[in-house]
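Worksheet: one structure, shown below.
Please treat every number below as a calculation from the coordinates, not as lab data. Only a predicted model underlies this, so the values are computations on that prediction, with no experimental measurement involved. We place every Cβ from the backbone using ideal geometry, glycine too, and count neighbours over all the protein chains shown.
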Amino acid sequence: MQTDVLAVHAKSLAILKHNRRFIPGGVVSVNRAVQPEIVFVKGQGAYLWDADGNKYIDYHAAFAPHFLGHNDPYVTDAVVSVLRRSASLYGAGTTELEGQLAELICQQIPAVEAVQFLNTGSEATSQAIRLARAVTGRDHIMVMQGGYNGWHDDVSCNLMTPLNVVGQRLSPGEYPYIPISAGIPRDHQKLVHPINFNDLASVDYVCEKYSVAALITEPILQNIGIVKPEAGYLKGLRRLADRHGFILIFDEVKTGFRHGIGGYAKIAGVVPDLVVLGKAVANGYPIAALGGKSELMNWFVHPEPSKRVLLAGTYNAHPVPTAAAIATIERLLMNDGEVYRHVESLGQQMQEGLEETLRALRIKAVVARQGSAFCVYFMDHCPKDWHDLAAHHDFAFDEDVRRKLIDLGIYFFPLATKQCSISFAHTPQDIATTLEQIKCALKLILR
Ligand SMILES: Cc1ncc(COP(=O)(O)O)c(C=O)c1O
């Protein structure tokens, strides 16, 4: 096996060896350090090519931003055109482009009356939490066990925490802050209260003990696959936010635009106070947005300096990602939702094909899916929270399948439970080929 990997990925390994001399670990985001170590050199539509010339049908989509597919021509044209017009980063005053993008987002997302732009999802969730603290004058926040909201101190915790570390499921209750990074001050950790997803009793519990500024959650937990909210859960969060006076922040960095132009909040019929957007908004270009009620967003320009929330950034609304975001949204709006109809039909094809194969091979598994995003859990039901998932999913089998698929030219990110993303560029034939290879991979493993 070792010999095969060396032969198939020889050039990838040589590039990585070179980069390791200068970049710690050889990668610039720790989440990219996975086995097999592959260096990609080209992405077009639904496909990736690696340094050794191997081609893959891609379902990783770079952790999900490529909703239209890699290098979508409409978005690429917009980017080339903005550069040809000599648009630059001026760093003074406003620009027409950022105004256009802001208007589009405010028109399309009911929860967004006003919006600001940043470069990454982490910057935007950090600003959302700071804004919530400023507005409420409170310091504590709630986060979800099994949720991911970025890399800063407030939220670098309790993602895929082993159950022997976080402890058994508690409800109502809270979990200890389990950092996923060194260097987070202990005093800061005391301000953050991880609770179960789909558990309103724990929200009440934390609010009765602490003075809570905000609850931040992905409306679907998409960093541990697809863990959906139970009926009434998101509406319940809205009710409890109103009752306890905390700011409800929906982190739609993964769900926004991918599941519908108005975000998952619109699908659920819930209006959060603040919404964070990123990833699919610009089909792979680095931009994020923080939007919400004007009365909150206006604290960024509060007339009283002691109340003003600092929002600054050299690269905020850089013309390249801003043009990419405008073009992406235009593309999503074209032909009365053509993009969403296409990915939904491919998603259905994938789900039905997977379910048939899993049934035929008598494998205990379920397919969780929202539109273009799906995940296979090797357990007998769709999980309702991290503890449910961690207790029942077969992580080792999941990773075996993913690695075998990569050998067969299908790129599922090789880490158990990671979301798979279909793009507008995928075709029914791509899905059919993928399903064939999945059958093949499962048979090889079961043999
Ligand atoms: C739901 C969610 N929020 C926030 C982030 C952080 O975004 P970024 O990596 O752009 O900082 C991510 C990244 O994966 C995410 O999935």
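Descriptive notes on the structure:
- Here Val203 passes the criteria (1) more than 16 Å from the ligand (Cβ to nearest atom); (2) within 21 Å of the chain's Cα centre (by Cα); (3) surrounded by 23 or more Cβ atoms within 10 Å (Cβ to Cβ) except the one numbered (2).
- Elements of type helices (runs of 4 or more DSSP H) contained in region 95-191, each with 2 or more residues being closer than 18 Å to Val301 by Cα: 96-108, 121-136
- Complete set of residues in region 43-61 that are touching an Asp or Glu at 6+ places or on another chain (Cβ under 7 Å) and not in a strand (DSSP E or B): Ala46
- Boolean, Ser156 is among the small types (Gly, Ala, Ser), within 14 Å of the ligand (Cβ to nearest atom) and under 30 Å from Val366 (Cα atoms): yes
- Only one entry in Lys42, Lys17, Lys55, Lys11 is in contact (Cβ under 8 Å) with a residue 60 or more places away in the chain and of a type in the set (D, E, K, R), namely Lys55.
- Annotation for region 206-224: no member residue is touching a helix residue (DSSP H, G or I) at 6+ places or on another chain (Cβ under 8 Å), surrounded by fewer than 23 Cβ atoms within 10 Å (Cβ to Cβ), free of Cβ contacts under 8 Å to residues at least 60 places away in the same chain and closer than 27 Å to Tyr377 by Cα.
- Residue list for region 239-291, restricted to those being out of contact with any helix residue (DSSP H, G or I) (no Cβ under 8 Å at 6 or more places or on another chain), closer than 23 Å to Ala325 by Cα and among the small types (Gly, Ala, Ser): Gly263
- Some residue of region 283-303 being free of Cβ contacts under 8 Å to residues at least 60 places away in the same chain and among the charged types (D, E, K, R): yes
- Residue within region 16-28 that is within 16 Å of the ligand (Cβ to nearest atom) and under 30 Å from Thr255 (Cβ atoms) present: yes
- Number of the condition not met by Arg331 [criteria: (1) over 20 Å from the mean Cα position of the chain (by Cα); (2) within 15 Å of the ligand (Cβ to nearest atom); (3) of a type outside the set (A, V, I, L, M)]: (2)
- Residues within region 20-39 that are without any contact (Cβ under 8 Å) to a residue 12 or more places away in the chain and either over 23 Å from the mean Cα position of the chain (by Cα) or surrounded by 17 or more Cβ atoms within 10 Å (Cβ to Cβ) (or both), tallied: 7
- Failed item, numbered, when Gly278 is tested on (1) within 16 Å of the ligand (Cβ to nearest atom); (2) over 21 Å from Gly43 (Cβ atoms); (3) touching a Gly at 6+ places or on another chain (Cβ under 7 Å); (4) not basic (Lys, Arg): (2)
- Pick from region 286-303, criterion more than 14 Å from the chain's Cα centre (by Cα) and not hydrophobic (A, V, I, L, M, F, W, C), ranking: farthest from the ligand (Cβ to nearest atom): Pro303
- Hey, Ala390 within 19 Å of Ala62 (Cβ to Cβ) and under 21 Å from the mean Cα position of the chain (by Cα) or not: no
- Scoring Asp400 on the criteria (1) surrounded by fewer than 20 Cβ atoms within 10 Å (Cβ to Cβ); (2) under 20 Å from Asn31 (Cα atoms); (3) touching a Cys at 6+ places or on another chain (Cβ under 9 Å) leaves a single failure, condition (3).
- Complete set of residues in region 353-375 that are touching a residue at least 60 places away in the same chain (Cβ under 8 Å) and outside any helix (DSSP H, G or I): Leu361, Ile363, Ala368, Arg369, Gln370, Gly371, Ser372, Ala373, Phe374, Cys375
- When residues in region 320-352 are screened for being in contact (Cβ under 8 Å) with a residue 40 or more places away in the chain and in contact with a Ser or Thr (Cβ under 8 Å, 6 or more places away or on another chain), 6 of them pass.
- The listed residues are Leu240, Leu221, and the only one of them that is in contact with a strand residue (DSSP E or B) (Cβ under 6 Å, 6 or more places away or on another chain) and of a type outside the set (Ser, Thr, Tyr) turns out to be Leu221.
- Residues of region 236-275 that are over 14 Å from Ala111 (Cα atoms), away from the ligand (no atom under 12 Å from the Cβ) and either among the basic types (Lys, Arg) or in contact with a Pro (Cβ under 6 Å, 6 or more places away or on another chain) (or both): Arg239, Arg243.
- Checking each residue in region 127-153 for being over 13 Å from Thr217 (Cα atoms) and near the ligand (Cβ under 10 Å from one of its atoms) picks out Trp151, His152.
- Annotation for region 74-91: no member residue is surrounded by 20 or more Cβ atoms within 10 Å (Cβ to Cβ) and among the hydroxyl-bearing types (Ser, Thr, Tyr).
- Residue within region 103-126 that is within 16 Å of the ligand (Cβ to nearest atom), surrounded by 18 or more Cβ atoms within 10 Å (Cβ to Cβ) and among the charged types (D, E, K, R) present: yes
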